[in-house]
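Here the structure is laid out as structure tokens; the discussion comes afterwards.
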Amino acid sequence: MQNEVSNNTNKRIPDSLKWGGIAAVVIILLVCGVLLTRTNESSIAFMVRWKSALESGDIQKYDLLWGKNARNKSNTGYQDTAQLFKENSRIDVKITNAENRTRKDPQNPHYLRIEDIPILIYTPGEPLQQLRTLTIAKTGIIQQRWKLIKDQVTSEEITTDITKFEPEESVVETESSADSPVVPFVLEWKKALETKNVKKYTSLWDKKARKTKNENYQLAAVQISQDLTVDLSQAVYTSIAFSKTRYLVDNISVTIHSSGAFVETHSRTLTIDKRGFLFRRWKLINDEAGGDYISDIPIVKDEPITEEALPINQESDIFNGTAPLDTKLKVSQILAKWQTAWEEKDLETYMSIYAEKALITRVTVRGGRETNTYLNKRQLKQKMQKLNLMYSEIQVKISNLVIDGDRAVADVTFLQKFKGTPASGSRPAYSDIGTKKLDLIVDPADGYWKIHSETWSRYEDVPEYPKN
């Protein structure tokens, strides 16, 4: 009996070791808690989301920005903005220099205030200009994120000067290759392509982005099986506005050979960001292959744009305008994709070309007088759904194409002739003709060109628009 008691006593864990283990577990839990609750979103990045919510007209998107308790209070300003959504008011927001107007809230040092944010509201009468002050705070138990505490109107007046609300550029600060932190990553990408290392190329992608951009990933992976030569001598490295870690690298020239024979030369555009939970590394968010092929006729991905897809009668027509050649080629492809999606009633593809805050203007010219109608993206989608049901066949012809702009912005004008064959067959085919103007901007989220505004001017009682 004494031996058994002695053995049990010897097997007991010392108290010091026991409490030391408990302390270690607590420290590990605290570290994990800090990692789980951290957020890399800056206050300016939150401002971009707030701007996008207001300009999109999506109240659900706006609701997600609010702390639940704050939204339900009467003096936070939520109801005023919610009313604008109910009235389908178009809103423009300027957040330029918002960082310089950000300071700690005097009543609560844990809150931030962004003051005097100008907003333009298009009311049925004259436009209304407001100045807003936002109060935001990091909230959340598991993962803290910026949330709205207040969205208050500090001043309001009727205005006729809307020039200050022209679209803001999203892509800024072009760097030389020597200054850009993503140069080593781009060199890894180049080596993976030239050595036909699909495994290495795949590892450069962010896993989630590889799923959402699977079409681009698959196209690039197929091309790696061929002999590739990558030229980075003219590559342009651009940091994305309101993001500390995202970069756009374009104007990369890639030449493909197969069995020693030249196949094609095209450009590549990479979107790169830092991803990871514990260890953050540079990862591909997008790799747009085939952006602008060096060939007689621009093509979309691996399919040529035929005259049926984009009826440009003369080769010189492709290059009308002041935009750089690569911009003209890329925009020509976007137009071909837009036109084909419209004719094939591919509504999902058609709408994907429009930015979330796109403004569509319909102008009817009748007897020298103009009548304007304005649509947002949601209203455009509803209109196109009705159009697809109304007509069994749609034809869209484009001519007199002019592309002006630079590497990130393009102003496009052309003559558009539309013809729709009614689905019922009891009515004659409908056709109209007029001018269309599109403003396209490179989307900083994925590097794609998107339509930010569209103006369609339809001319009544004009049987045929004169050609050049």
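Are any residues in segment 65-107 under 24 Å from the mean Cα position of the chain (by Cα) and among the small types (G, A, S), and if so, which ones?
Residues satisfying the conditions are S89, A98.
Name the single residue that is nearest to G405 (Cα to Cα) among those in segment 443-468 being at pLDDT below 85 and of a type in the set (A, V, I, L, M).
In this case the residue turns out to be A445.
I'd like the full set of residues that are under 14 Å from S43 (Cα atoms) and assigned to a strand (DSSP E or B), limited to segment 126-157. Quick ask: steps written out before the conclusion?
Here is the first cut: in segment 126-157, the residues under 14 Å from S43 (Cα atoms) are 133-139, 144-149.
Answer for segment 126-157, where residues must be under 14 Å from S43 (Cα atoms) and assigned to a strand (DSSP E or B): T133, L134, T135, I136, A137, K138, T139, R145, W146, K147, L148, I149.
Among the residues of segment 222-233, are any within 21 Å of the chain's Cα centre (by Cα) and of a type outside the set (G, A, S)?
As a first pass, look at segment 222-233 and keep what is within 21 Å of the chain's Cα centre (by Cα): none.
Scanning segment 222-233 turns up no residue that is within 21 Å of the chain's Cα centre (by Cα) and of a type outside the set (G, A, S).
Going by the structure shown, is Y217 aromatic (F, W, Y), in contact with a helix residue (DSSP H, G or I) (Cβ under 6 Å, 6 or more places away or on another chain) and in the same structural domain as A192 (by TED's automatic domain parsing)? If you could, list the steps in order and put the result at the bottom.
Numbers: aromatic (F, W, Y): yes; in contact with a helix residue (DSSP H, G or I) (Cβ under 6 Å, 6 or more places away or on another chain): yes; in the same structural domain as A192 (by TED's automatic domain parsing): yes.
For Y217, the condition - aromatic (F, W, Y), in contact with a helix residue (DSSP H, G or I) (Cβ under 6 Å, 6 or more places away or on another chain) and in the same structural domain as A192 (by TED's automatic domain parsing) - is met.
Out of segment 324-341, which residues are touching a helix residue (DSSP H, G or I) at 6+ places or on another chain (Cβ under 7 Å) and either small (G, A, S) or within 14 Å of Q382 (Cα to Cα) (or both)?
S332, A341
Being of a type in the set (A, V, I, L, M, F, W, C), over 25 Å from the mean Cα position of the chain (by Cα) and more than 24 Å from K51 (Cα to Cα): is that true of L389 here?
Considered against the rule, which asks whether it is of a type in the set (A, V, I, L, M, F, W, C), over 25 Å from the mean Cα position of the chain (by Cα) and more than 24 Å from K51 (Cα to Cα), L389 comes out as yes.
Got at least one residue in segment 377-395 being out of contact with any helix residue (DSSP H, G or I) (no Cβ under 7 Å at 6 or more places or on another chain), among the hydrophobic types (A, V, I, L, M, F, W, C), crowded, with 16+ Cβ neighbours inside 10 Å and farther than 30 Å from L325 by Cβ?
Yes, that holds for at least one residue.
The values are calculated or read from the model by the stated rules, or taken from the named source; none is laboratory data. Computed from a predicted model, the values in this text were never measured in an experiment. Reconstructed Cβ throughout: ideal geometry from the backbone, glycine too, with neighbour counts over all protein chains shown.
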